[in-house]
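Novice: Handing you this structure, nothing more for now.
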Amino acid sequence: MKSIKDIERTMDFHGEALDNIFETYRLMRENCPVGRSEKYGGFWFLSKSEDIFKVEQDADTYSVKPTMLVPPVADFPMIPIDTDLPELMDYRRILLPLFTPQALAKMEKPVRDIAQDLAREFADSGTTDATAGFARALPTIFFSRLAGFPEKDWPKFDAWVDDILYERTLDPERAKKAQDAVMAYFDDLIEKYRGRTIDEADTGTIMDYLLEAKIKGEPLSRQELLSYCYLMFLGGLDTTAWAIRASLWHLAQDLDAQRKLRENPDLIPMAAEEILRTLSPVQAMGRTCKKDTVIRGQEIKAGDRVVLLFGAGNRDPDIYDEPEKIKIDREDNRHLAFGAGHHRCLGSNLGRRELVIGLEEFLKVVPEFTLGDPSEKWYGVGRLTLNFKK
Amino acid sequence: MKVLLDSHRCQGHARCAAFAPETFVFDDDGFSRVREGMEDVKPENAPGVRKACANCPELAISIIED
């Protein structure tokens, strides 16, 4: 048995550490809510919801530089998430209009059409992997169209995302190679957009918005464009796929919830929030302390890295009744799945709609399903085998 | 019952749109405010406004009971 001190010292939220992460979070919340890990160069970590919200909303004390990601996924600052106010808002404003409730209303039908086709194809075909067939396919198709990533390139995306996000703690060299490949890809794509040698140009895509954008009268530099594209690529594809996959993973085991949602699809948005709370695609993000401060009596020095464990805050018993339980009809659900403060996930409202519509269409078409392989994990975007009557 | 929205706290999560779309309205960047004339909450809108308040990640919404 590892001691509490050992668990604190080796605190991690990637790879196999996620196998038992909810137990780890509980121990940390109860014993060292402001803990110190030696991983990734050393960092403080916060596991209480209140502390995490406070840091997220305190831009005077905390910076995201050099990067929000722990460990990093790029060797350059990613736009907009690795920038602080006021530049942050200049960058965010470029794309904010694409993700308002008004803008999202127009995306309902295209998302639903894609989800419906994918669900039918999944139900009819002999395949059983709901990740490839549905959870990853939906954001790949919808978000790539919205972003203006040409369809012929989509087959390359999954491997790049896997290498950059999931291999980086195991095989950094491989992650770096994928990072370079994605940057080269966008370098080429930006050139095609500029030369209008591509069908997607001028169609109101994210790429168009970025290329047309001006900050204080100046267009974005090449490096700024590349950085923004890189972040959109990672943020738009992986997290939504995780959320859809995790929802199906849970429903495959909770047949009562599955039945309830089929009978009463109006409950799906509430269920989606609950999955986002309990099985959050982004388990943690980092900050750097700008000036000496104190959290729960623990001194934090300027320059120290602080990791916000969203996944732990989301199961904080001070905030939620029966926090470890996935209750699809939980009403008050002020969770941290998309972060908070100025860095609130830019695509949160799109991600939510893709998840809700995806679940609605999947449950309409695919009959009662169960887990085909209980060894498959709750996290990530790996295979999810579902059994159901064809 | 009255509802107030602190626009300095709002970060555009749009949870209020999910629970009380009749009460909140959004600007072109997706930031919320209380729709004109909706500050006094009608009884039929009260449950939705309460949910919007409870679910706002930024605690930007406050309710003043009569």
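Novice: Could you tell me what percent of the DSSP beta bridges with both partners in the stretch A:4-388 are antiparallel, to the nearest 5?
Specialist: 85 percent
Novice: Also, quick follow-up: Given H placed on each backbone N at 1.01 Å, which residues far from A:Gln253 in sequence or on other chains put an amide H within less than 5 Å of it?
Specialist: Correct list: empty.
Novice: Remind me, what semi-axes does chain B give for its equivalent ellipsoid, largest first in whole Å, using sqrt of 5 times each Cα gyration tensor eigenvalue? Before the final figure, lay out the partial values.
Specialist: Numbers: eigenvalues 58, 27, 23 Å².
Computed over chain B, the values are 17, 12, 11 Å.
Novice: A further question on this structure: Step through the residues of the stretch B:45-56 one at a time and calculate ³J(HN,Hα) from phi using the Karplus curve (6.51 cos²θ - 1.76 cosθ + 1.60, θ = phi - 60°), rounding each to whole Hz and writing x for Gly and Pro.
Specialist: 8, 4, x, x, 5, 4, 5, 4, 5, 5, 9, 6
Novice: Could you give the nm distance between label points at A:Leu170 and A:Asp332, where each point is 7 Å from its Cα heading toward the beta carbon?
Specialist: Modelled inter-label distance: 4.2 nm.
Novice: Under a straight-distance cross-link criterion of Cα-Cα below 15 Å, which aspartates and glutamates are reachable from A:Lys216, leaving out those fewer than 8 residues away in the same chain?
Specialist: Within the straight-line limit of under 15 Å, A:Lys216 reaches these aspartates and glutamates: A:Glu87, A:Asp90, A:Glu224.
Novice: Given the DSSP H assignment, sum -39500 (n - 2.57) over each helix run of at least 4 residues in chain B and divide by its residue total; what's the result at 222 nm in deg cm²/dmol, nearest 500?
Specialist: Computed ellipticity for chain B at 222 nm equals -6000 deg cm²/dmol.
Novice: Now for a separate question. Grab the Cα-Cα distance for A:Ile4 and A:Ala184, subtract it from 0.36 nm times how many residues apart they are, and report the gain in nm with one decimal.
Specialist: 60.3 nm
Novice: Separate question: Which aspartates and glutamates have a Cα less than 18 Å from the Cα of A:Lys152, not counting those fewer than 8 places away in the same chain?
Specialist: The reachable aspartates and glutamates, counting only those whose Cα sits under 18 Å from A:Lys152, are A:Asp187, A:Asp188, A:Glu191, A:Asp199, A:Glu200.
Novice: Report the accessible area of A:Tyr40, computed with a 1.4 Å probe over the heavy atoms of all protein chains in place, in Å² rounded to the nearest 10.
Specialist: Counting only protein heavy atoms, the figure is 80 Å².
Novice: Please give the FRET efficiency for B:Asp6 paired with A:Gln102, using the beta carbon to beta carbon distance and R0 = 30 Å, rounded to the nearest 0.05.
Specialist: 0.85
Novice: Separation between the A:Ser63 and A:Phe388 pseudo-spin-labels, each 7 Å from Cα along Cα→Cβ, expressed in nm?
Specialist: 5.0 nm
Novice: Taking chain A as a Gaussian network, where each spring joins two C-alpha atoms under 10 Å apart, which residue of A:Val182, A:Val73, A:Val294 fluctuates the most?
Specialist: A:Val294
Novice: Let me have the relative contact order for the stretch A:337-390, percent, based on Cα pairs under 8 Å that are six or more residues apart.
Specialist: 26 percent.
Novice: Can you give the Rg to Rh ratio of the protein assembly as shown, both from alpha-carbon atoms, with Rh computed by the Kirkwood formula?
Specialist: 0.94
Novice: Taking 24 Å as the cut-off for C-alpha to C-alpha distance, list the pairs among A:Lys325/A:Lys377; A:Lys106/A:Lys192; A:Lys65/A:Lys106; A:Lys109/A:Lys390; A:Lys327/A:Lys377 that go past it.
Specialist: Exceeds cut-off: A:Lys106/A:Lys192; A:Lys65/A:Lys106; A:Lys109/A:Lys390.
Novice: Just need the relative contact order of the stretch A:1-147 here, percent rounded to a whole number, with Cα pairs under 8 Å and 6+ apart.
Specialist: Reported relative contact order: 12 percent.
Novice: What is the stretch B:2-64's relative contact order, in percent, from Cα pairs under 8 angstrom and six or more apart in sequence?
Specialist: About 49 percent, as a whole number.
Novice: With a 10 Å cut-off between alpha carbons and a GNM built on chain A, which of A:Ala241, A:Ala257, A:Ala302 moves the most?
Specialist: Evaluated over chain A, the most mobile residue of the options is A:Ala302.
Novice: Work out from phi, with θ = phi - 60° and the Karplus expression 6.51 cos²θ - 1.76 cosθ + 1.60, the ³J(HN,Hα) of each residue of the stretch A:257-274, listed in order in whole Hz, and give x for Gly and Pro.
Specialist: Once θ is set to phi - 60°, the couplings for the stretch A:257-274 become 5, 4, 5, 4, 5, 5, 6, 9, x, 4, 7, 4, x, 5, 4, 4, 4, 5 Hz.
Novice: Here's something else I'd like to know. With n ≥ 4 as the cut-off for DSSP H runs, can you work out [θ] at 222 nm for chain A, using -39500 (n - 2.57) per run divided by the number of residues, rounded to the nearest 500?
Specialist: Rounded to the nearest 500, it is -13500 deg cm²/dmol.
Novice: To continue, here is another question. All other residues with a Cβ under 10 Å from the Cβ of A:Pro97 taken together, and with Lys, Arg as +1 and Asp, Glu as -1, what is their net charge? Don't skip to the answer; put the middle values down first.
Specialist: Details: positive: A:Arg93; negative: B:Asp27, B:Asp28, B:Asp29.
Surrounding charge for A:Pro97 is -2.
Novice: Roughly how many whole Å is it from the C-alpha centroid of the stretch A:1-59 to that of the stretch A:206-231?
Specialist: 36 Å
Novice: Related question: Between B:Ile63 and A:Glu16, what FRET efficiency follows from the Cβ-Cβ distance if R0 is 35 Å, with the result rounded to 0.05?
Specialist: Using R0 = 35 Å, I get an efficiency of 0.20.
Novice: Right, another one. How large is ³J(HN,Hα), in whole Hz, for each residue of the stretch A:165-173 in order, when computed from phi with the Karplus curve 6.51 cos²θ - 1.76 cosθ + 1.60 and θ = phi - 60°, using x for Gly and Pro?
Specialist: These are the phi-based 3J(HN,Hα) values: 8, 9, 8, 5, 8, 9, 9, x, 5 Hz.
Novice: Same structure again: For A:Arg222, put the label point 7 Å out on the Cα→Cβ axis and report which residues of the stretch A:65-93 keep their amide N under 20 Å from it.
Specialist: Only A:75-79 fall inside the zone, counting backbone N under 20 Å.
Novice: Between A:Thr203 and A:Glu38, how high is the FRET efficiency from 1/(1 + (r/R0)^6) when r is the Cβ-Cβ distance and R₀ = 56 Å? Nearest 0.05.
Specialist: The formula returns an efficiency of 0.70 here.
Novice: Most fluctuating residue of A:Lys260, A:Lys216, A:Lys325 in a GNM of chain A with Cα springs under 10 Å: which is it?
Specialist: A:Lys216
The values are calculated or read from the model by the stated rules, or taken from the named source; none is laboratory data. Everything numeric here is computed off the predicted structure, so don't read it as measured data. So basically every Cβ, Gly included, is an ideal-geometry build from the backbone, and we count neighbours across all protein chains shown. In case anyone asks, the SASA skips ligands and DNA or RNA and just uses the protein heavy atoms, side chains included. Shrake-Rupley method; radii C 1.70, N 1.55, O 1.52, S 1.80 Å.
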